[in-house]
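S.K.: Could you have a look at this structure, given as C-alpha cells, before my questions?
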Amino acid sequence: MSSFYVENFGCRATQSDGAAIEQQFRERGLERADAPAAAEWVVLNTCAVTAAAEQDARAAIRRLRRGNPECKIVITGCYAQRAPLEIAALSGIFCVVGNSHKHNLAQIALNEPSGKNRIAGSFVPVKVLTTGQVDDTAAPNFDGGATYPGSAPVFVSDIFAHTQLLAAPVFESANERTRPNLKVQDGCGNRCSFCIIPSLRGRSRSLPLDEVIQQVNQLVAAGYREVVISGIHLGRWGRDLPARDRISERGNLADLVRAILDRTTLEKLRISSIEPMDWSDSLIRLMATSPRIAKHAHVPMQSGSDAVLRRMHRKYRPWHYRGKIEKIREAMPTASIGADVMVGFPGETDGEFEETRSTIAELPFTYLHVFTFSPRPGTPAASMPNQVPAHLARERNRLLRELAAEKKLAFMRSFIGRDVEAITLASGNDSSWHTEALTDNYLAMRLRGKQESNRWVTAQVDAVEAGRLLATSR
C-alpha cells in the first residue's frame, strides 16, 4: 500500500489544512507513514510569516532528500503560494501546490484522471499574478498546472478567487488525542503593513454554523472533552456568510460560541487568538459566566506605542487595547491572558519601545509571544525607512521575553495551595510517577501519579517547577 506523510509548519490554521490533506490521501486508500523517511509521498505544508519560517521549509526539503531520496516531495502552504517558482526550481521537488489548490492536493499529486475537469484551466501563471504580464515560458502540465524550464510543476492561482474553506480537526499529539483544534474561519481582510498572510490566504471566509456544530458533535461522540476553535481572523467569523446562515443580523463570534454551548454537549470550549476590537462585551460576559468555556484569552497587541501601531496599520489605539485587557481581567480574575508582541518594527525608537515595555509591565499578561520584525516581500513595511539594526531588535526581544517570564512565574505561583481544573494529556513512561495536564486557564501541569488521559480533574497545586505546576489530584 502506498504511504504518505504530512509535515506542518506554522500556525493552527496550517495544522488544520494539514489534517484535511491527510484526509484526502486516506480517502484514496493511502496509509499514513510514521515518519517522512518511511513515506512514498511527503507533503511539506509551509509557513511564510517570517523569512526564518521559509528557511525552515528549505532546510526540511534538504533533510528529506538526504533521508528519503526516493520519495515524491509536494510543497504546499503559504510559502508555496508566495514563491512557487523559487520552490519549484529546488532539486527533488515533485510539484508545488499553492493554498489556492490545496483542497485538490492529493488529486493533483496522484494525477487522477477524474480530476481533470475540475482542475483544468484554473492555473494562472505566477507572472500574471505578480506583474499582470503573460508568461510564455510556462508550459501547461497535467490537470491545469504549468512547468517552467528545469522546474517542478506549479499549481497556483489567485487566492482571492478562492471561496472554499479547507478544515479538519487537528490533534495535539498523534498518540494521545485529547484537545482537537477545529478551524472555523480562514483568510483576513485586514491590511497590516507588516503582514503577508492576507495575500496568501485570501479574503475572510467562515465555516457555516451547521458544519461547525456537526464537527463538534462528531468530536464529542468520539469521546473528546475539549475542543479549540481557531482561525486566521477568528473574530470575523460569520460576517461573510449569507443571511440565511447567520444567527443574528451581522453574524459574530459570540453567536457561534453560544450556539456550540446550546447545540452540543461539549464539556469545554477553548477559543484561540482574537483581535482586540473583536472582544465584544457579550463575548467577554459569555466567557466569564460559562463554566464550559476555558478561561484563556489571547489578544494580539503588536506594540504599545500609538505611533508604531499607526505605521503598522493596526485598527486600534493603545488605550483601546488597554481597556479590552482590563475588561477581560475584571470579568475573569484567574484567566490566562496572552499577547503577540513585535519588536524592531521599522522606525521603532527607544522611546516607542519603552512605551511597549511599560504597557506590558502594567497590564495583567500571563504570557507573551515575542517576535522580531521580519520584512516580507511586497508588504509596505519591507520598504519603510529606518529599519532597526538586528542587534538592537534582538536585545529588545530579550528584554520582553525576560519580562514575560517574570509575569508568567508570578501568575503560576499565585495558584500554589489552590484547587484548579485541568484536562489530563498523557502519562509518562512506565517508571514515571506523573501525568501531564493542562489547566482550564492554559497552564502546563504535572499531576502526581498516573491518570487516564482525556479526563477533567480537580487538583491542588503544590509547587511550581521548570515552568509547570506540580499538583495532586483531589
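The values are calculated or read from the model by the stated rules, or taken from the named source; none is laboratory data. Every value quoted in this text rests on a predicted model; they were computed, and no experiment measured them. Counting neighbours? That spans all protein chains shown, and the Cβs are built from the backbone with ideal geometry, glycine included.
S.K.: Just wondering, is there one or more residues in the stretch 369-377 that are over 28 Å from ARG270 (Cβ atoms) and part of a helix (DSSP H, G or I)?
M.R.: Among the residues of the stretch 369-377, not one is over 28 Å from ARG270 (Cβ atoms) and part of a helix (DSSP H, G or I), which makes the answer no.
S.K.: Among the residues of the stretch 221-232, are any more than 17 Å from PRO180 (Cβ to Cβ) and either at pLDDT 95 or above or among the aliphatic types (A, V, I, L, M) (or both)?
M.R.: Yes.
S.K.: Kindly check whether there is at least one residue in the stretch 232-248 that is more than 30 Å from THR372 (Cβ to Cβ), part of a helix (DSSP H, G or I), without any contact (Cβ under 8 Å) to a residue 12 or more places away in the chain and over 15 Å from the mean Cα position of the chain (by Cα).
M.R.: Yes: one or more hits.
S.K.: For a quick check of your reading of the model, give me the residue pairs whose first member lies in the stretch 53-81 and is closer than 19 Å to SER100 by Cβ, whose second is assigned to a helix (DSSP H, G or I) and charged (D, E, K, R), with beta-carbon atoms closer than 6 Å and at least 6 apart or on different chains.
M.R.: Listed by first residue and then by second, the contacts come to THR76/LYS102; TYR79/GLU54.
S.K.: Looking only at the stretch 1-52, count how many residues are farther than 18 Å from ILE73 by Cα, crowded, with 20+ Cβ neighbours inside 10 Å, out of contact with any Leu (no Cβ under 9 Å at 6 or more places or on another chain) and of a type in the set (Gly, Ala, Ser).
M.R.: 2
S.K.: ARG310 passes all but one of (1) surrounded by 15 or more Cβ atoms within 10 Å (Cβ to Cβ); (2) without any contact (Cβ under 8 Å) to a residue 24 or more places away in the chain; which number fails?
M.R.: Only one criterion is unmet by ARG310, namely (1).
S.K.: Continuing with this model, one more query. Restricting attention to the stretch 256-271, does a residue exist that is under 21 Å from LEU207 (Cα atoms), of a type in the set (S, T, N, Q) and under 22 Å from the mean Cα position of the chain (by Cα)?
M.R.: no
S.K.: Does at least one position in the stretch 255-270 carry a residue that is under 17 Å from ILE325 (Cβ atoms), part of a loop (DSSP other than H, G, I, E, B) and in contact (Cβ under 8 Å) with a residue 12 or more places away in the chain?
M.R.: No, the stretch 255-270 contains no residue that is under 17 Å from ILE325 (Cβ atoms), part of a loop (DSSP other than H, G, I, E, B) and in contact (Cβ under 8 Å) with a residue 12 or more places away in the chain.
S.K.: Out of ARG401, ARG396, report the one residue that is part of a helix (DSSP H, G or I), charged (D, E, K, R) and closer than 22 Å to SER193 by Cα.
M.R.: ARG396
S.K.: Here is a list: ALA422, ALA459. Which entry is under 27 Å from the mean Cα position of the chain (by Cα) and either at pLDDT below 95 or in a strand (DSSP E or B) (or both)?
M.R.: Within the list ALA422, ALA459, the selection yields ALA422.
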